[in-house]
Amino acid sequence: MKKKIISIIGARPQFIKCAPLSGVLREQYKEILVHTGQHYDRNMSRLFFEELNIPYPDYNLGIGSGSHGEQTGKMLQAIEKVLLKEKGNLVLCYGDTNSTLAAALAGAKLNIPVAHVEAGLRSFDRSMPEESNRIIADHVSDFLFVPSKAGMRNLKKEGLEDRAYMVGDIMYDALLENIPIAMKRSDIMDRMALKKNEYYLATVHRASNTDDRQNLAKILQAFTELDKVVVFPAHPRTAGFIKKYSIQFDKKKVRIIPPAGYLDILKLVKYCSKVLTDSGGLQKEAFYLKRQVVVLREESEWTELVEHGVSRLAGTDRTRIIKYALTDFRSKWNFYPYGKGDTAERIMRVLKNNI
Ligand code: UD1
C-alpha cells in the first residue's frame with residue numbers, strides 16, 4: 001500500500017508551490033490535500049486550482065479570515081482532527097503563512113514527521129507575522145527543504161543543519177511549466193490595452209504597508225509620480241485599506257485591478273518595465289523572467305537578488321521608490337541562486353529515501 005502524505009495549503013503562494021510537487025508526489029504516495037480556507041475569494045483560491053491543475057482538496061477546513069491567534073488556533077484544531085483521522089506518514093507544509101504554522105505544529109504535536117518546503121528563510125524582522133511562522137515551522141519540522149545558500153546558513157546558525165536539504169525554489173518549477181501556457185492563454189495585455197515595457201507592475205499586501213495609513217499613502221503617491229502607468233492587482237486587504245483610509249490618487253495613472261490569476265501575473269511580469277512589490281514570490285518570478293524589482297520593504301529574504309543588484313530595497317520611501325523605478329540597474333541574469341527548476345524531483349529523492 002502507498003504511504004500517505006498530508007499536504008496542507010491555504011494561501012495563494014502555497015497553491016503555486018504545491019502544484020509541481022503534488023504531481024510527482026502522487027506517483028509514489030497517496031496524497032491527501034487539505035485546504036485550510038485561509039484564502040477563499042475565487043481570485044485568491046479557486047482560480048489557482050483551475051489554472052495550475054491542482055487536484056480538488058480532500059478537505060476544505062473553511063477557516064477564513066480572523067486575527068492571527070484566532071485564525072491559527074482554529075486551523076490547528078481542525079488540522080489535528082484530519083491528521084488523527086487520516087493517520088498519515090508525513091505532513092507537508094509550504095512557506096510562511098498562518099496555515100504553514102498551524103500545519104507544522106499540528107503534525108509535530110502528534111509526532112508525525114513534518115516536512116517544510118521553503119525552509120530557512122529569514123527577514124530578521126520579528127514584527128512580521130511570517131518571520132515567527134517560519135522560525136517555528138522550521139524548528140518543529142523534520143525535513144527542511146531549503147531554496148538558497150542563505151537559507152542553509154540561517155539554519156546552521158540555529159543548529160538545524162542536520163535536517164536541512166538544499167533543493168532550490170519550487171516556484172521556479174511552477175514558473176517554467178506555466179510560462180509557455182501563460183504566453184498562449186493570457187489575454188491580459190489586450191484586456192488592459194497594455195504595451196510591452198510601457199507599464200510598471202505593482203503589488204502590495206504586507207501588513208506593515210497596508211495597515212499603516214502613512215506607508216500606504218506614500219507608496220501610492222510615489223506610484224502616481226512615475227513616468228509610466230502602474231498596473232496594480234490589489235489583494236483584498238490592500239483594496240480594503242485604500243478605501244478605509246480614503247487615500248486619494250490618480251486612478252488613470254495607478255490602475256487598480258482585482259487580484260490577478262497565475263497566468264495573467266506571469267504575463268504581466270514578463271512584459272512590464274519593472275516590478276514594484278513587497279511580495280517574496282513576485283521578486284523571484286521577476287528575476288526568472290529577467291525583470292528588475294523595486295522592493296517595497298527594507299529587507300528581503302531573497303538576499304541573493306539584492307546582492308546581485310537585480311532587486312533594490314526602497315521601503316516606503318517615496319524618493320527611493322521613484323529613483324529606483326527610473327534607474328536601470330544594469331543587471332546580469334545568468335546566475336542560478338535558487339536551482340534550475342528541478343526542486344520537486346530533488347524533494348522526492350529525499351522523501352523516497354526516508355518515508
Ligand atoms: C497571507 C500570508 C502572507 C502571504 C499572503 C499571500 C499570513 C500571516 N500571511 O497574507 O505571508 O504572503 O497570504 O497573499 O499568513 N482576504 C479576503 N479574501 C481572501 C483572503 C483574504 O478578502 O481570499 C482579506 C481579509 O479581509 C483578511 C485579509 O485579506 O482579513 C488578510 O488575509 P490573511 O489571510 O489574514 O493574510 P494575507 O494578507 O492574505
I'd like to verify a number: residues in the range 144-160 that are within 20 Å of ASN111 (Cβ to Cβ) and surrounded by fewer than 21 Cβ atoms within 10 Å (Cβ to Cβ), how many? 1
Test set (1) within 15 Å of the chain's Cα centre (by Cα); (2) buried (at least 24 other Cβ atoms within 10 Å of the Cβ); (3) among the hydrophobic types (A, V, I, L, M, F, W, C) - MET128 fails condition number: (2)
For a quick check of your reading of the model, give me the residue pairs whose first member lies in the range 205-228 and is of a type in the set (D, E, K, R) and open to solvent by less than 60 Å² (accessible area, probe 1.4 Å), whose second is within 16 Å of the ligand (Cβ to nearest atom) and not in a helix (DSSP H, G or I), with beta-carbon atoms closer than 6 Å and at least 6 apart or on different chains. ARG206/ASP278
Restrict the check to the range 49-64 and report whether at least one residue is hydroxyl-bearing (Ser, Thr, Tyr) and within 8 Å of the ligand (Cβ to nearest atom). no
Scan the range 323-345 and tell me whether some residue there is over 28 Å from CYS18 (Cα atoms) and touching a Phe, Trp or Tyr at 6+ places or on another chain (Cβ under 8 Å). yes
Residue satisfying condition, being among the β-branched types (Val, Ile, Thr), over 25 Å from ARG153 (Cα atoms) and surrounded by 20 or more Cβ atoms within 10 Å (Cβ to Cβ), within set ILE347, ILE355, ILE321: ILE321
Under 6 Å between Cβ atoms, at least 6 apart or on separate chains: pull out the pairs that start in the range 232-244 with a residue that is closer than 15 Å to ASN215 by Cβ and of a type in the set (Ser, Thr, Tyr) and end on any residue that is within 11 Å of the ligand (Cβ to nearest atom) and open to solvent by 20 Å² or more (accessible area, probe 1.4 Å). THR238/HIS205
The one condition in (1) more than 16 Å from the ligand (Cβ to nearest atom); (2) among the charged types (D, E, K, R); (3) buried (at least 20 other Cβ atoms within 10 Å of the Cβ) that ARG163 fails to fulfil: (3)
Requiring at least 2 residues that are open to solvent by less than 20 Å² (accessible area, probe 1.4 Å) and not hydrophobic (A, V, I, L, M, F, W, C), the strands (runs of 3 or more DSSP E) wholly within the range 1-95 are 30-35
Taking the condition farther than 22 Å from ASP162 by Cβ, within 12 Å of the ligand (Cβ to nearest atom) and hydrophobic (A, V, I, L, M, F, W, C), does ALA106 pass? no
Residues (among the polar types (S, T, N, Q), more than 10 Å from the ligand (Cβ to nearest atom) and free of Cβ contacts under 8 Å to residues at least 60 places away in the same chain) located in the range 66-96: GLN77
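The values are calculated or read from the model by the stated rules, or taken from the named source; none is laboratory data. Predicted model, so just to flag it, every value in this text is computed and none were measured. Quick reminder, even Gly has a Cβ in these numbers, built from the backbone with ideal geometry, and neighbours come from all protein chains shown. Side chains are part of the model used for accessible areas, which takes the heavy atoms of the whole protein and leaves out ligands, DNA and RNA. Shrake-Rupley method; radii C 1.70, N 1.55, O 1.52, S 1.80 Å.
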